[in-house]
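Beneath this line is the structure, given in structure tokens, with notes to follow.
The values are calculated or read from the model by the stated rules, or taken from the named source; none is laboratory data. From a predicted model like this one, the values you see are computed outputs, not experimental measurements. Don't worry about glycine lacking a Cβ; one is built from the backbone with ideal geometry, like all the others, and counts go over all protein chains shown. Each accessible area value is taken on the protein alone, full model and side chains, heavy atoms only, with ligands, DNA and RNA left out. Shrake-Rupley method; radii C 1.70, N 1.55, O 1.52, S 1.80 Å.
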Amino acid sequence: AKCGIIGYVGSDVYGRFCIKDFNDHGIDTTYLKIDEDKDTPFSLVLSEKQTKGRNIIYHSGNARRLSPNELNKDYITSAKYLHISQVNDATYTAAKWAREGDVKVVFDADSYNPKIDEMIPLIDVFIASEFYYASRFNNDENFQKNCTDIMSMGPEIVVFTLGSRGCVGMDKHTFFTQPAFNVDVVDTVGAGDVYHGAFIFGLLNGWDVSYTALFANAVSAIKCTRIGGRAAIPDLETVCRFMETGRIDYTEIDKRVAYYRSEAIWNIK
């Protein structure tokens, strides 16, 4: 799928690596700007073998955040889907333009923030984590009712990802549940992020929403079997084969693992 990213990175080595890595994967970085002499946000993630959990040491950086007047309306409205994960003036403006231009808005609610409610009427596809769900609904297990509550605010699709329990969701036709795939979990970093990308890919292809959720579960499961947020992102052939056979072909994945482990950061020119 064709994709572009809008935002800022710093001029540090990590910011330049981000741009190079996106370009290497065919991502349009025309509107990924460099804030000179500033640092890019950076996370060091410690993944624990016994619990399969993680701890994140976060450096927020000082690269600037986008303001609404830096957005390109034509670029945003040329898309089929706009994916956002924060609530601020820039994302609100982008979502409003997208709605005006008949572009579907997808939102990643990783954690609960009351300000998200202000954005929900502009969201078409609302995908939230188990952490959001626990805070918003106090771990109430009536998933269908709570999906309906969010849908009543505007979205046409609502999904809650539940980690090892898979995901639940609904559209205007049906409520569905999809189980997680049973894999040897090594690192959960990026599982939610790749779920969103896979879900949008399914929507772009016109797939049934329930099958799209199952496909996204498969992508997340494969990612969790190797260290690194980006290293184990599978290609389409690998995912389809896994869904058919239950086996993961690591031929391409392990090449990515080796690249990110030992070469990527040193290949910046």
What is the number of the single condition among (1) in contact with a strand residue (DSSP E or B) (Cβ under 6 Å, 6 or more places away or on another chain); (2) touching a residue at least 60 places away in the same chain (Cβ under 8 Å); (3) not aliphatic (A, V, I, L, M) that Asn217 does not meet?
-> (2)
Please tell me if Arg54 is modelled with pLDDT under 95, under 23 Å from Gly197 (Cα atoms) and touching a Leu at 6+ places or on another chain (Cβ under 7 Å).
-> yes
Can you pull out the residues in the range 1-44 that are under 18 Å from Arg65 (Cβ atoms), in a helix (DSSP H, G or I) and over 18 Å from the mean Cα position of the chain (by Cα)?
-> Tyr14, Gly15
Scan the range 98-113 residue by residue and report those that are open to solvent by 50 Å² or more (accessible area, probe 1.4 Å) and outside any loop (DSSP other than H, G, I, E, B).
-> Arg99, Glu100, Lys104
Residue in the range 248-269 that is nearest to Ala232 (Cα to Cα), counting only those that are modelled with pLDDT under 90 and part of a loop (DSSP other than H, G, I, E, B) | Ile268
For Gly53: the one exception among (1) exposed (fewer than 12 other Cβ atoms within 10 Å of the Cβ); (2) within 25 Å of Tyr259 (Cβ to Cβ) = (2)
Go through the range 171-196 residue by residue and tally those that are buried (at least 19 other Cβ atoms within 10 Å of the Cβ), outside any loop (DSSP other than H, G, I, E, B) and under 13 Å from the mean Cα position of the chain (by Cα).
-> 5
Being surrounded by 14 or more Cβ atoms within 10 Å (Cβ to Cβ), farther than 22 Å from Phe131 by Cα and of a type outside the set (S, T, N, Q) is the filter here, so list the residues in the range 74-97 that pass it.
-> Tyr75, Ile76, Ala79, Tyr81, Leu82, Ala90, Tyr92, Ala94, Ala95, Lys96, Trp97
The condition from (1) under 28 Å from Tyr133 (Cβ atoms); (2) open to solvent by less than 90 Å² (accessible area, probe 1.4 Å); (3) in contact (Cβ under 8 Å) with a residue 12 or more places away in the chain that Glu48 misses is numbered (3)
Please find, within the range 62-93, the residue that is nearest to Gly206 (Cα to Cα) out of those that are among the small types (Gly, Ala, Ser) and out of contact with any strand residue (DSSP E or B) (no Cβ under 6 Å at 6 or more places or on another chain).
-> Ala79
Among residues belonging to the range 114-158 that are of a type in the set (S, T, N, Q) and at positive phi, point out the one that is most open to solvent (accessible area, probe 1.4 Å).
-> Asn138
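Please work out if Ile222 is open to solvent by less than 60 Å² (accessible area, probe 1.4 Å), closer than 25 Å to Leu46 by Cβ and not in a loop (DSSP other than H, G, I, E, B). Break it down stepwise before answering.
Values: open to solvent by less than 60 Å² (accessible area, probe 1.4 Å): yes; closer than 25 Å to Leu46 by Cβ: yes; not in a loop (DSSP other than H, G, I, E, B): yes.
Taking the combined requirement at face value, the residue satisfies it.
On the basis of being modelled with pLDDT of 95 or more, exposed (fewer than 11 other Cβ atoms within 10 Å of the Cβ) and either within 30 Å of Leu236 (Cβ to Cβ) or not basic (Lys, Arg) (or both), does Glu36 make the cut?
Yes; evaluated as a whole, the condition is true for this residue.
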